[in-house]
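Just below is one structure, and these are the notes that go with it.
The values are calculated or read from the model by the stated rules, or taken from the named source; none is laboratory data. Since the structure is predicted, the reported quantities are computational estimates derived from the model, not experimental observations. Counting neighbours? That spans all protein chains shown, and the Cβs are built from the backbone with ideal geometry, glycine included. The accessibility values were calculated without ligands, DNA or RNA, using every heavy atom of the protein model including side chains. Shrake-Rupley method; radii C 1.70, N 1.55, O 1.52, S 1.80 Å.
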Amino acid sequence: MMENIYTIGMDCGATHTKVAVWREDKIVFEEDNWPGLNMDLISGVFSVEVLRDEIEKIREYENADWVIAMAGLDDSNEVNKALSWWRKNLEELGIMYKDLDVMGDIDLVLWSGSPEGIGVALIAGTGSNCLAKDTDGRLVKVGGMSHVMSDEGSGYALGSRCLHIITKMSDGRLPVTAMLKQTLDWYVQEDVVALKHFLVSSSALKYEVARCAGILLSAAKNGDEEAVNAANDEAGELVKMVETANNTLALEKPLNLFMAGSLLKNDYYLKLIEEKLAISFPEQKIEIVRPILGVLNFRQWRIMNT
């Protein structure tokens, strides 16, 4: 049993943030619709002011242990930068805390599946990422280098494929299917030119592109050839991440795989991923997890190891 104090956990993604507060091991507060907050944002002029109203909801849980996971933390330097950013902003908001830990969102996926933070973690949401850690403490990170350089198999990648396909449909490079109208209707735009202007002028381009991933997956499920090929390609990219982690560790038996992310709610895409994983590593156990629940595992481990 943990000390009789509060623990506040935050799982900050590119599009939204999940928050939970525990007293001992009981959740006393939980919300999953706070604004997104990742490394790209705090590296600019972004201020925690955008979360002021939300943080007021948990101000009453004073002197809590805070555990904050954020997308886009790819090395110790970025973790330290994010830690300093949170310390400064919580101080400016007058938030008193007992302890503060910051980690990458992919690390929290590991902790949600394992009390020791051991295994392979895969995120398939707006972005994608993969991390493995074995019992010797060896770490293998694959992908996760933002939508500019990576994010294969993610909502952004699927959305980008969707947009490229409908553009080719609009100019005659591909036969027109229902995808074209469905995408324009989704964004409430008259044609691809209007859609282009809408997207390139958006202050949340990554999110806006990822929003049409569901259109591509729906079209694939209905047999649209271009969509089927795109979905297969991107699911294959996620599996390559896991394969690379497994092969790099080269263990006699693969570690358990913990998966998280909004794309896994899509039955069609989840089945593609699971089928491809089963071919490569049939003995690997797979579990879909709620990352926010990894906060308690991490806190309990930290208490026992300090």
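Evaluating residue 22 against the criteria (1) among the hydrophobic types (A, V, I, L, M, F, W, C); (2) open to solvent by 70 Å² or more (accessible area, probe 1.4 Å); (3) at pLDDT 95 or above leaves one unmet condition, (2). Selection of first residues in segment 266-285 that are more than 13 Å from residue 241 (Cα to Cα) and of second residues that are assigned to a helix (DSSP H, G or I) and of a type in the set (D, E, K, R), restricted to Cβ pairs under 6 Å at least 6 apart or on distinct chains, gives the following pairs, ordered by first then second residue: 268/221.
Pick from 296, 263, 238: which is hydrophobic (A, V, I, L, M, F, W, C) and surrounded by fewer than 23 Cβ atoms within 10 Å (Cβ to Cβ)? Steps first, please.
Details: 263 fails: surrounded by fewer than 23 Cβ atoms within 10 Å (Cβ to Cβ); 238 fails: surrounded by fewer than 23 Cβ atoms within 10 Å (Cβ to Cβ).
Exactly one residue qualifies, and that residue is 296.
Within segment 136-145, the set of residues being open to solvent by 20 Å² or more (accessible area, probe 1.4 Å) and either part of a loop (DSSP other than H, G, I, E, B) or modelled with pLDDT under 95 (or both) comprises 136, 137, 138, 143, 145.
Counting only residues that are in a helix (DSSP H, G or I) and open to solvent by 20 Å² or more (accessible area, probe 1.4 Å), which one in segment 274-290 is farthest from residue 99 (Cα to Cα)? Top of the filtered list is 279.
Taken over segment 152-201, the residue count meeting the criterion of being touching a residue at least 24 places away in the same chain (Cβ under 8 Å) and closer than 26 Å to residue 261 by Cα is 20. Taking segment 146-203, which residues are outside any helix (DSSP H, G or I) and within 13 Å of residue 216 (Cβ to Cβ)? Scanning segment 146-203 gives 153, 154, 177.
If you check residue 50 against the conditions, is it open to solvent by 50 Å² or more (accessible area, probe 1.4 Å), among the hydrophobic types (A, V, I, L, M, F, W, C) and either touching a residue at least 24 places away in the same chain (Cβ under 8 Å) or in a helix (DSSP H, G or I) (or both)? It is true that residue 50 is open to solvent by 50 Å² or more (accessible area, probe 1.4 Å), among the hydrophobic types (A, V, I, L, M, F, W, C) and either touching a residue at least 24 places away in the same chain (Cβ under 8 Å) or in a helix (DSSP H, G or I) (or both).
Any idea which residue in segment 117-135 is surrounded by the most Cβ atoms within 10 Å (Cβ to Cβ), counting only those that are part of a loop (DSSP other than H, G, I, E, B) and touching a Lys or Arg at 6+ places or on another chain (Cβ under 8 Å)?
127
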